[in-house]
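Student: Got a structure for you, questions after.
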Amino acid sequence: MRKIAKASSIADKLHKGFVLTCIGVSIWGLFVGGASYYHYFTVTRPARAAAKQKLLEEEDTRPRQKSLLPPIGIDFGLFGFRKMYSIIRQGIFKSVKVCPTVATTKGSSFSVFTRVMASTSETQSGGQNFSSSATQANPTLASLLKLGRLNHVAIATPDLKKATAMYRDVLGAKVSKEEDLPEHGVTTVFVDLGNTKIELLHPFGAKSPIQNFLDKNTSGGIHHICIEVDDIYQAVDSLKASGKIRILDPKPKIGAHGKPVVFLHPKDCGGVLLELEQA
């Protein structure tokens, strides 16, 4: 019995010692943690804030490089797209006029982009000169084609009246009257954008190519793009001679503007149905 009582006394002392040790360690941990938090909020954090403020003040005093582009809009040169920007300036947006009913959201990416194009529409001097690979490889072909401005982007629509009302009544654009073109199997409406046009296409007749397009794209979509050329007949002859791009029509047909047009095979034009129109 004495041995059992002695063992029980020893175990009791060990238990008390363990409990006291745990309490002491916990108190020490709370003390160290509290001291660390106190030091962070009273010393470390203010020091970091002061250093950051000093860095910002030094940044504000540094001289900034003057942009080579107009003060309004995006400087594509910052992202390495100076060449792309110059091509756009000299091409599609040569005579851009921004419609006030389109870019109305101040600060939006589309608004900024259109303002960049508008601000550079009449400043063509001093830009970079680019020579096309077609000129270097085949000067005769390039001189005969003489690609001009983007005449229009054609969009096939299953509901011509609804699409016309959207551009006219919602976006505030000027639209033309419907015109049937039996030779092409389409009914067209043109939307005037100032620097170019949108051509709305709707099937006309039983064998309309637009109907085939809408069967695959029930909601409609971009059907083709049209680019002007100086002499479409010389362009057709030179394309046939080169053998690089197939022509869908044996000879030009009269298009919606009363001018001859011809379509090029999309498989030879990067997957895009390309229309050439006499300028």
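Student: Taking just the alpha carbons, could you work out the radius of gyration and Dmax for region 183-237, both in angstroms?
Tutor: That works out to 13.7, 37 Å for Rg and Dmax.
Student: Moving on to the next point. Neighbour counts of other C-beta atoms within 10 Å: give me Ser176, Ser36 arranged from fewest to most. Don't jump to the answer; show the numbers that get you there.
Tutor: Working: Ser176 15, Ser36 11.
Exposure proxy ranking, most exposed first: Ser36, Ser176.
Student: While we're on this one: For the peptides 267-279, 196-208, what is the packing order when you average, over each peptide's residues, the other Cβ atoms within 10 Å and list the highest mean first?
Tutor: 196-208, 267-279
Student: If packing is taken as the average count of other Cβ atoms within 10 Å, what order do 39-51, 249-261, 223-235 fall into, highest mean first?
Tutor: With the highest mean Cβ count within 10 Å placed first, the list reads 223-235, 249-261, 39-51.
Student: Provide the three semi-axes, in whole Å and in decreasing order, of the ellipsoid equivalent to region 141-237 as defined by the square roots of 5 times the Cα gyration tensor eigenvalues.
Tutor: 25, 18, 11
Student: With each label point set 7 Å from Cα along the Cα-Cβ vector, what nm distance links Asp159 and Asp268?
Tutor: Between Asp159 and Asp268, the simple spin-label model gives 3.9 nm.
Student: Quick one: length gained pulling Glu178 to Lys244 fully straight, 0.36 nm per residue minus the C-alpha distance?
Tutor: Taking Glu178 through Lys244 to full extension adds about 20.2 nm, to one decimal.
Student: Provide the convex hull volume over Cα atoms per residue for region 1-61, in Å³.
Tutor: Hull volume over Cα atoms, normalised by residue count, gives 46 Å³.
Student: Once the Cβ-Cβ distance between Val25 and Arg45 is put in as r, and R0 is 45 Å, what FRET efficiency do you end up with, to the nearest 0.05?
Tutor: 0.95
Values quoted throughout were computed directly from the atomic coordinates according to the rules given, and no laboratory measurement underlies them. Predicted, not measured: the structure shown is a model, and the values here were computed from it. Here the Cβ is made from the backbone with ideal geometry for all residues, glycine too, and neighbour counts use every protein chain on show.
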